[in-house]
Every structure is written in structure tokens, then in C-alpha cells.
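Nothing in this text is a laboratory measurement; each read-out follows from the coordinates by a stated rule. None of the values given here were measured: they were computed from a predicted structure. Please note: Cβ atoms are built from the backbone with ideal geometry, for glycine as well, and neighbour counts cover all protein chains shown.
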Amino acid sequence: MDDAAPLIAVTDLAMRFYRPRSVVDRLTGRPGRIVHALNGVSFTVTRGETLGVVGESGCGKSTLARCLVRLHRPEAGHIAYGGIDVLRLAGTERRAYHRRVQMVFQDPYSSLNPRMTVRQTLAEAIAFHDLRAGAEIGKRVEELLELVRLPSDAAGRYPHEFSGGQRQRIGIARALAVEPECLIADELVSALDVSVQAQIVNLLLELQGRLGLTVLFIAHDLRLVRHISHRVAVMYLGAIVELAETEMLFTRPAHPYTAALLKAAPEMDPGRRSVIDAVRGELPSPLAIPAGCPFHPRCPYVMARCRVERPPLTDREPGHIAACHLEPGRKL
Amino acid sequence: MSGEAGEALLSVRNLRVAFGSPQHPLLAVDGVDFDVGPGEVLGIAGESGSGKSVTLRSILRLIHAPGRVSGQVLWRGRDLLALPEEELRRVRGGEIGVIFQEPMTALNPVLSVGLQIRENLKEHTRLDAAGRRKRAIELMDHVGIPAAQSRLEDYPHQFSGGMRQRAMIAIALASNPQLLLADEPTTALDVTIQDQILKLILRLRSEMNMSVILVTHDLGVIAQTCDRLAVMYAGRLAETGPVAALFRQPRHAYTLGLLNSVPRAGQLRQPLASIPGQPPLLSRLPRGCAFAPRCGFVLSACREAPPPLVEVAPDHRSACLAHQAVAKA
């Protein structure tokens, strides 16, 4: 494969969830309500890159992750992985895709089988994909534990015997057991204490360097995303509103929502405090996305056009796109 | 802590909270001392299991058996831990208000928000029914709930997360408290809503000249809202002092480690200075300083006995034997 070609190319991905109709809905003939989780999401990820995805609850970032590993089947759009159409894969090809793209979940306690020892969990993944002959599996389990810096006696223990940070290491080891090329990390460290978060971030950076992994890092913590991503996509109500190289996005945000997120994130410097709200209003429900630009009810720069016409993603500078009607280059 | 003893509104002395059996007590809070001055915002920071929430709850005796609380909580000259239940009821929810992390579990799901505010007004004010209704609307308006009058009879599930937290604040404010205890009030909220709620708390603090104790694990929240900070580790105070001084020059190895664990701008993809290991279990605390096994500044004396909290700079106290080395790091 050509190195410059993207490893993952997502085009116009759309996903809706249908809420069951309540009795009242049926009696009054009201249609069932629809959650618009993804409304036409497009982006690419190149090999070895870390793409950060940020946004608040309900923005669709977890739905996006789940579509990528086919836990959800999107209604429209394409996902190409190394040129292959992911959504059409079946049988052994689909199995091969799942080996190459692995997901690590936020809560390793609910994603690891509590009745299986660490050895059993790791060995199952290795055996399922026939990656090692029976006798060599034990050795591979030891290698994996060493890779994520767990003591070798961890293999015989159960998930509940570990702390949160250690369990997250097991979750990472489980994903790495099948020698993937790409990790989808959904809120990988959100449940962990700050000091342990830093350990897991360091581990991820190190593993990425050693194994050449491509990472999609989904999180709500802007500081963390800025620290580890090459590029960052900002999502709002099921759509990407801005995507840029990390430092461009954090120093020259082109979308008022990105600017508001940056202002709202509490700064670590007690000498720099603000007294005005970074953004007014509530997050609208994904059940009823505002017409036009979805951010317009909260936007301090709103214009008449924003209420009716949804802005497309357009170029701002090389490597920087945003979906906003404001003239490019305006300081936010 | 804040200068003369006479200025403090609340003084906590030698607070201890033990769980477990009397033969094998687990000290969730072990000998904690702090003061809160009038109008002051005190932050209590620490990781999970550090005892920060238990400390906050024991101020109003919200710790239930088998938890055992000892020490003194002096509130305007009276010891809340020794007060008869009847008198404590006037303080709890009255002079001292509380808000919690999860408004959905802290609010009563089968009573309307307006009724829950009026309940508190009935308990702690002399307003009549009409006056209570009027005041409830005022309070909802004051905490930024739009169209307060029409939302009075709405139930908690009809509010969004941020609005529920505002409703809980309105209930706490109904009695005109002089002190607000806030236990991770924004942890469950999105960052733009967190920002609004923290600014609301700060605005109310100045308008009502209320003191606040804010428990959080987020150092950014501390930096943006608190005047003073107490850092807890394994049930003990590691360091206390003014927020600006503590962030500029931490004097405890644990505080330094925490601050360094947070990613800073301009260090793209560099390894973070993490703290090795993990917080100790209360059942297996080391004999000396609880942080010693993870500490890069550890001295042999650290392993002997828990270091006392001593003044290391004006109004700045640390329980770290290596505080001078930490200050230079």
C-alpha cells in the first residue's frame, strides 16, 4: 500500500437510533423518536498517526468508534481500511479486519470476562486468530504482560484482583494480543486517577512508537488529547465541526464551538481566571438537532444565515478545516 | 490555618473516620485539621480513596454506621460532632448547605423540583405558603434555570444534567447558608456546563458572602475556583496553603507529582512525569509516610513514622520531610 494513502477513510457516515414508541405516542399517532447520532462524518487517518476525537456527551464520538469496529452498522456512508470496504466484509475477511483493528474500552472491568484469568483472556484471543502454536501461547502471554508492564504472576489472577490502572493495562494487552495495526481507544483513561492516567498515556505513546500503531483516541479531556494527538477532530451533535493539526486547533481555533471548549476547559494556572461563561446554553438533544448550523443557538457570533444553512467543512489553512460561515481567519 | 483562630467560620480538628471492625479499623480519615474563613473557597483535592469525600460528609455527620467519626468540627463555637440530633437538623441544610456529584440520585425523583425547594424553605425559614412559592421561583431564576415559573412543577427527570445541578444548588440556597459543601459538583457534567456551574457557585459566593468547601479530583477546577487548597493522600493531609503558592511551588512530593502528571501545552507527545505505582490500600498502609513507596524524594526517616504537618512558608503547611528538596525541583 502507498504510504501517503490513508489507512482509514471514512466518508459521509450516518447512524440513527430509533427510540421505541411509547404508548402515548401510539395513541396519539405520533411517530417514534429518532436519535441522530452521526450525520455525515468524513475524515481520514494515515498509518502511524494518532487522531484525537473530542466532544461532549451525545456528540457521537462513541458511536463513531463502534461503527469503525462494526459493533454498529451505519445506515449510510463508507468506511475504507487500506482500500477495503469494511462494511461489506464477511467471513474470514471480516475476521482478519477485526484482528487488524482493535478497540480498547473505557471500563476494563465491564469489558473483561470476570470469570477468566488474565492468561485465559489473552490466550483465547491468540488462539482464536491462530497467531501461535499451542505450546508457544504461554510464552506470548508473558511477552504481552511484559509489554504493558504487568508482573508475570498477573497471568494467573482474575480482573477483580487488579486496580483500575492495572485493569486498563490488561485491556490494552488483550487488544495487542492479536497484533493489531490500529487501536480505537474510547475514553481509555477517563476512569483513572490523574497519576495513573499519566502512566497509561506514557505506555500508549511508547507502544505506538515500538509497534507502529495507528490510534484513534476518543476523549473529552482536551489537555490529554492535545498531548498525544497529531491531529484533532472536534465533534458536535453528530458532525465534525473542525479538524486540524493539533497545535493549529489549540492555538487558532476556527469554529466558535472549539473556541468555547478551549475556554471552558479549566486552566491549570490560578493566575489566569475568567469570570464570564465560556458558552451559554445547554447542549441540545440529539433527538432534535437545530436547523442550519447545529451550534447556532449557543453561538456568540450567530448570523441570520447560520439559522437556515448548514455550513460545510471548508479549508482554513493547509491541514485545517472547519464548518462555519464566519469569514476564515477571524480571531475567536 | 488562616491566621488567627478567631476568624475561622469552621474549624476541623483531629478528624478521624474509621470503618471496619474495632479490632481492625480502616482509617479513611486520619487526624485532619483545617479551617475555613468567611467567604473563602477551600478546595480539597485527592485521588479516589484519599478520604476527601468522607471528610466533607463527616462535617455534617452524614457518615453512617459502621463508620465512626471522632475529633471536633467547630461551627461558630459549637462542636457539630457533639450536637444533639435536633439542633444538628437546624445546621444541616440550614446554616450549612450541601450539593452532591449526582443530582439524579440526590434529588427525590417523585417530587417536583419546586416542591423540594419549598420543603427546605418550610424547614428553615418563616415564609408562608405564598411566600415560599415566590421565593422558590426567585431561587430557580437566580441559579439560571430559564422560565423558572413554568418549570416549578417539573420533576428532576425532566431536567438536563446541568439544570439538575442548578436545581440542587437552588435547594441548598433556600436556607441562606453561610457555608456550602460541594462534593464533586461538576464531575458528571460536560466541560462547557461544568464551566457554567463553577462560575455560578463563585457568583453566589460573592453575592451571599458564603464560604464554600469544594471537593474535587480535578486540579484545573481547583486552580480556577479555590482560594486555598488542602491535598489529601491516604486519609491524611499532605499539604495545605493558598492555591497560587501551592501551584507555583508545591512543598509536598505528592502534590508535585500530581501537578506534573497533568499534560501541559507545548510538550506534544512527550512522556508525562507520572507517579509510579498506585495509591495504597487502607488495609495495608505503610508504617511511615503513605506516599513513601511511590516517592522519588524519599528519605530513610520517611519510612519510620508519618511526617507531621508543619508550616513551611507563611500560611503554607506540608507533611513532607523532603519539602525543601521538593521546593527546588
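Remarks
- Theoretical ellipticity at 222 nm over chain A - DSSP helices of four or more residues, -39500 (n - 2.57) apiece, nearest 500: -9000 deg cm²/dmol
- Each residue of the stretch A:7-19 was assigned a 3J(HN,Hα) from its phi angle through the Karplus expression (A = 6.51, B = -1.76, C = 1.60, θ = phi - 60°), giving 6, 10, 10, 9, 10, 6, 6, 9, 8, 10, 10, 9, 7 Hz with x at Gly and Pro.
- Classification of the stretch A:255-332 by its C-alpha gyration tensor yields an oblate form. The axis ratio a/c (a ≥ b ≥ c) is 1.5 or more, and b/c is at least a/b.
- Here chain B carries DSSP beta bridges of which approximately 60% are antiparallel, counting only pairs with both residues inside.
- Checking every one of the trypsin sites (Lys or Arg not before Pro) in the stretch B:231-286 against DSSP loop status and a limit of 16 other Cβ atoms within 10 Å picks out B:ARG264, B:ARG269.
- Longest segment of chain B lacking GluC sites (Glu not before Pro) that sit in a DSSP loop with at most 14 other Cβ atoms within 10 Å: B:154-303
- For chain B, the relative contact order works out to 19 percent when only alpha carbon pairs closer than 8 Å and six or more residues apart are counted.
- Reachable lysines from B:LYS52, criterion Cα separation under 21 angstrom, eight or more residues apart if same chain: none
- Furthest towards positive pole of dipole, A:ALA244, A:ALA291, A:GLY271, structure part the stretch A:227-332, Cβ charges: A:ALA291
- Student exercise, the stretch A:1-85 dipole from Lys, Arg, Asp, Glu Cβ charges, in Debye to nearest 20: 740 debye
- Karplus-derived 3J(HN,Hα) values for the stretch B:171-183, using 6.51 cos²θ - 1.76 cosθ + 1.60 with θ = phi - 60°, are 5, 4, 7, 4, 8, 6, x, 8, 9, 10, 9, 10, 9 Hz; glycine and proline are entered as x.
- Long-range HN-HN contacts of B:LEU10 with modeled amide H, under 5 Å: B:VAL36
- Note on B:SER21 and B:ARG61: with the Förster distance fixed at 22 Å, the Cβ-Cβ geometry gives a FRET efficiency of about 0.55.
- Amide H contacts under 5 Å for A:ALA239: A:ASN39, restricted to partners 5 or more places along the chain or on a different chain, H placed in the peptide plane at 1.01 Å from N.
- Distance (nanometres) between label positions extended 7 Å along Cα→Cβ at B:GLU85 and B:MET104: 3.2 nm
- DSSP finds beta bridges in the stretch B:117-257, and of those with both partners inside it, around 55 percent are antiparallel.
- Using a Förster distance of 51 Å, the FRET efficiency for B:GLU153-A:GLU267 (Cβ separation, nearest 0.05): 0.80
- Selection from A:ALA90, A:ALA133, A:THR28, by position along the positive dipole direction of the stretch A:22-152 (Cβ): A:THR28
- Computed as a quarter of the hull surface, the mean projected area of the alpha carbon convex hull for the protein assembly as shown stands at 33.3 nm².
- Members of A:LYS61/A:LYS331; B:LYS199/B:LYS328; A:LYS331/B:LYS328 lying beyond 29 Å, as alpha-carbon distances in this model show: B:LYS199/B:LYS328; A:LYS331/B:LYS328
- Taken along the Cα-to-beta-carbon direction at a fixed 7 Å, the label points for A:ASP25 and A:ASP130 span 4.6 nm.
- Annotation: lysines with alpha-carbon distance below 17 angstrom to B:LYS122 (same-chain offsets under eight excluded): B:LYS134.
- Under conditions of 10 °C and 1.306 mPa s, chain A yields 74 µm² s⁻¹ as its translational diffusion coefficient, taking Rh as the Kirkwood radius over Cα pairs in the Stokes-Einstein equation.
- Phi-based couplings in Hz for the stretch A:75-81 (Karplus 6.51, -1.76, 1.60; Gly and Pro marked x): 6, 8, x, 10, 10, 10, 10
- Stretch gain in nm, segment B:LEU127-B:ARG264, where the contour uses 0.36 nm per residue and the Cα spacing is subtracted: 44.2 nm
- Here the dipole of the stretch A:7-151 is about 560 debye; that uses its Cα centre as origin and unit charges on the Cβ of Lys and Arg (positive) and Asp and Glu (negative).
- Entry for the stretch B:19-178 at q = 0.10, 0.19, 0.21 Å⁻¹: log10 I(q)/I(0) = -0.44, -1.24, -1.36, Debye formula applied to identical alpha-carbon scatterers, no solvent contribution.
- Estimated FRET transfer efficiency (A:GLU247, A:MET303; beta-carbon r; R0 35 Å; 0.05): 0.75
- For chain B, dividing the convex hull volume of the Cα atoms by the residue count gives 146 Å³ per residue.
- A simple spin-label model places the labels of A:THR46 and A:ASP12 2.6 nm from each other, with each point 7 Å out along Cα-to-Cβ.
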